[in-house]
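Engineer: To start, I am sharing the structure in question, which I have written as structure tokens.
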Amino acid sequence: MFKNYGVALKEAGIEHPALVLDLDAFRQNLSYLNDHLPAGYRRRIADKSLPSNPLLAEVMTGLGAQATMSFHLPLTKQVLAQFPETDVLMGKPVPVGEAERFIAACPQASRVTWLIDSEKRLAEYRALALAGAGLGAGLGAGLKVAFEVDIGLGRGGFAEPSALTRALENSSPLTVRGLMGYEAHVNALPAILGKGDTAQRRAQERLAEFVQQLPVESREIINTGGSTTALMLPQTGPANDLTIGSAVVKPSHFDQPCNQVLKPAMFIVTPVLKSHPHGLPGHPVLSQWLRRFRLIDPQIAFIYGGNWMAEPIWPETLKTSPFYGVSSNQQGFTLPGGTRVPDHVVLRPTQSEALISQFPCLTVYKDGQITDQWSTLRS
């Protein structure tokens, strides 16, 4: 399979680093997620994880989603323009000045729900709403917010239900739509501290305590989950809204047990530019001895590009040289004796969100051929 990626790229006239989307693996992941994500939740797609409008369109169609979670306003604007029906929840607090400028410049800003994580930010957004009442579709009583609550991750948000209650009492004229309680920590804990199902159960119990503080009309969005945990969520409540993104292409940071059926579907494929004997730079005689006594691999191959958030996976014998630093221009990988230097190497991304936008497009692979190129979103 990995050899075929390089052959297909060369036949398509692509001999530079390419971010390849294996369409069959990607669509199999979509089908599995569509069948196995828990019922009772609105499906919300993280745009930062899949910053490509054609990719987002495939995911939203495949998962029956008409909601996104957004994290960076330049991307938010592009997603709003491309998907006129999408309901946008900000996944992190935005400085109020940035929000104000965005609202003034973006006609679709009224479809954004802003995240409030503290009493200070609540006061800032209330002041924005009061100052802007009647001035635009995104301001005044139309300014929609959700509260970030800490259900165990410990990186911000209202820490106690009582604090949320006080915030609700001081939220007018904002329209409160609900909560976001992120719980990706559940698979990051040591086993002795309840990693996995135990931590997930505690997080959901904690979220329920916050939900109880909300009036019924302010429970439209009770968001939780993420690609590391979405398949672990209970079938119903207390949340009604889950976020998913990277799992559909499954970079290596998402190799949790709950995702084991999903397949890696995105790879960097790049040509090998040159190769020569591996050794300590500037010391040819010492290098000869190191190779002779098999203390180092005998060959090094330099690729086109490098220093991506990715690890080499093909050929399987590739290693990082102890003598050459990581390079963004021509990264070197060593090969053991008897291994033929390949025409290209394949790397598996560790994540998607910081990587996809480094490439101008996703190069789509299906049935041994390059079938399309999907543009990526840039900020």
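Engineer: Given (1) in contact with a strand residue (DSSP E or B) (Cβ under 9 Å, 6 or more places away or on another chain); (2) within 30 Å of Asn34 (Cβ to Cβ); (3) modelled with pLDDT under 90, where does Ala188 come up short, assuming only one miss?
Structural biologist: (1)
Engineer: Take Pro271 and tell me if it is in contact with a Phe, Trp or Tyr (Cβ under 7 Å, 6 or more places away or on another chain) and either in contact (Cβ under 8 Å) with a residue 40 or more places away in the chain or assigned to a strand (DSSP E or B) (or both). Show your work before the answer.
Structural biologist: Details: in contact with a Phe, Trp or Tyr (Cβ under 7 Å, 6 or more places away or on another chain): yes; either in contact (Cβ under 8 Å) with a residue 40 or more places away in the chain or assigned to a strand (DSSP E or B) (or both): yes.
It is true that Pro271 is in contact with a Phe, Trp or Tyr (Cβ under 7 Å, 6 or more places away or on another chain) and either in contact (Cβ under 8 Å) with a residue 40 or more places away in the chain or assigned to a strand (DSSP E or B) (or both).
Engineer: On to the next question. Val364 - would you say it is open to solvent by less than 60 Å² (accessible area, probe 1.4 Å), at negative phi and touching a helix residue (DSSP H, G or I) at 6+ places or on another chain (Cβ under 6 Å)?
Structural biologist: Against the criterion (open to solvent by less than 60 Å² (accessible area, probe 1.4 Å), at negative phi and touching a helix residue (DSSP H, G or I) at 6+ places or on another chain (Cβ under 6 Å)), Val364 qualifies.
Engineer: Which count do you get for residues in the stretch 230-258 that are crowded, with 21+ Cβ neighbours inside 10 Å, under 14 Å from Asn29 (Cα atoms) and either among the charged types (D, E, K, R) or more than 19 Å from the chain's Cα centre (by Cα) (or both)?
Structural biologist: Matching residues across the stretch 230-258 total 1.
Engineer: Checking Thr350 against (1) free of Cβ contacts under 8 Å to residues at least 40 places away in the same chain; (2) touching an Asp or Glu at 6+ places or on another chain (Cβ under 7 Å), only one condition comes out false. Which one?
Structural biologist: (1)
Engineer: So how many residues does the stretch 143-187 have that are open to solvent by less than 10 Å² (accessible area, probe 1.4 Å), farther than 19 Å from Gln200 by Cβ and among the aliphatic types (A, V, I, L, M)?
Structural biologist: Adding up the residues that qualify gives 5.
Engineer: Does Pro281 satisfy being within 26 Å of the chain's Cα centre (by Cα), outside any strand (DSSP E or B) and not aromatic (Phe, Trp, Tyr)?
Structural biologist: So Pro281 does not fit the description; no.
Engineer: OK, next. Residues to consider are Gly13, Gly40; find the one that is open to solvent by 50 Å² or more (accessible area, probe 1.4 Å) and without any contact (Cβ under 8 Å) to a residue 24 or more places away in the chain.
Structural biologist: None of the other options fit; the residue is Gly13.
Engineer: Here's something else I'd like to know. Can you pull out every residue in the stretch 308-339 that is modelled with pLDDT of 90 or more, open to solvent by 60 Å² or more (accessible area, probe 1.4 Å) and small (Gly, Ala, Ser)?
Structural biologist: Result: Ser328, single match.
Engineer: Which count do you get for residues in the stretch 55-104 that are open to solvent by less than 40 Å² (accessible area, probe 1.4 Å), polar (S, T, N, Q) and over 16 Å from the mean Cα position of the chain (by Cα)?
Structural biologist: The number of residues fulfilling the criteria is 1.
Engineer: Still on this model: Listed residues Asp150, Asp117; which is closer than 21 Å to Arg44 by Cβ, of a type in the set (Asp, Glu), modelled with pLDDT of 95 or more and under 22 Å from the mean Cα position of the chain (by Cα)?
Structural biologist: Values: Asp150 fails: modelled with pLDDT of 95 or more.
Just a single option satisfies the conditions, and that option is Asp117.
Engineer: Confirm whether Val261 is under 22 Å from the mean Cα position of the chain (by Cα), at pLDDT 95 or above, open to solvent by 10 Å² or more (accessible area, probe 1.4 Å) and among the hydrophobic types (A, V, I, L, M, F, W, C).
Structural biologist: Taking the combined requirement at face value, the residue satisfies it.
Engineer: Moving on. Find all pairs meeting these conditions: Cβ atoms under 6 angstrom apart; at least six residues apart or on different chains; first residue within the stretch 90-112 and polar (S, T, N, Q); second residue open to solvent by 10 Å² or more (accessible area, probe 1.4 Å).
Structural biologist: Ser110/Ala137; Ser110/Gly142
Engineer: Next question. Please go through the stretch 284-305 and give me each residue that is open to solvent by 40 Å² or more (accessible area, probe 1.4 Å), touching a Gly at 6+ places or on another chain (Cβ under 9 Å) and outside any loop (DSSP other than H, G, I, E, B), ordered by number.
Structural biologist: Within the stretch 284-305, Leu286, Gln288, Arg291, Gln299 qualify.
Engineer: A further question on this structure: Does Ser227 satisfy being open to solvent by less than 40 Å² (accessible area, probe 1.4 Å) and either at pLDDT below 80 or touching a helix residue (DSSP H, G or I) at 6+ places or on another chain (Cβ under 8 Å) (or both)?
Structural biologist: On the way: open to solvent by less than 40 Å² (accessible area, probe 1.4 Å): yes; either at pLDDT below 80 or touching a helix residue (DSSP H, G or I) at 6+ places or on another chain (Cβ under 8 Å) (or both): yes.
Yes: the conditions hold for Ser227.
Engineer: Please verify whether Ser118 is small (Gly, Ala, Ser), touching a Phe, Trp or Tyr at 6+ places or on another chain (Cβ under 9 Å), farther than 30 Å from Leu362 by Cβ and surrounded by 17 or more Cβ atoms within 10 Å (Cβ to Cβ), treating the condition exactly as stated.
Structural biologist: Numbers: small (Gly, Ala, Ser): yes; touching a Phe, Trp or Tyr at 6+ places or on another chain (Cβ under 9 Å): yes; farther than 30 Å from Leu362 by Cβ: yes; surrounded by 17 or more Cβ atoms within 10 Å (Cβ to Cβ): yes.
Criteria met by Ser118.
The values are calculated or read from the model by the stated rules, or taken from the named source; none is laboratory data. Predicted model, so just to flag it, every value in this text is computed and none were measured. When we count neighbours, we look across all protein chains shown, and the Cβ atoms used for this are built from the backbone with ideal geometry, even at glycine. The accessibility values were calculated without ligands, DNA or RNA, using every heavy atom of the protein model including side chains. Shrake-Rupley method; radii C 1.70, N 1.55, O 1.52, S 1.80 Å.
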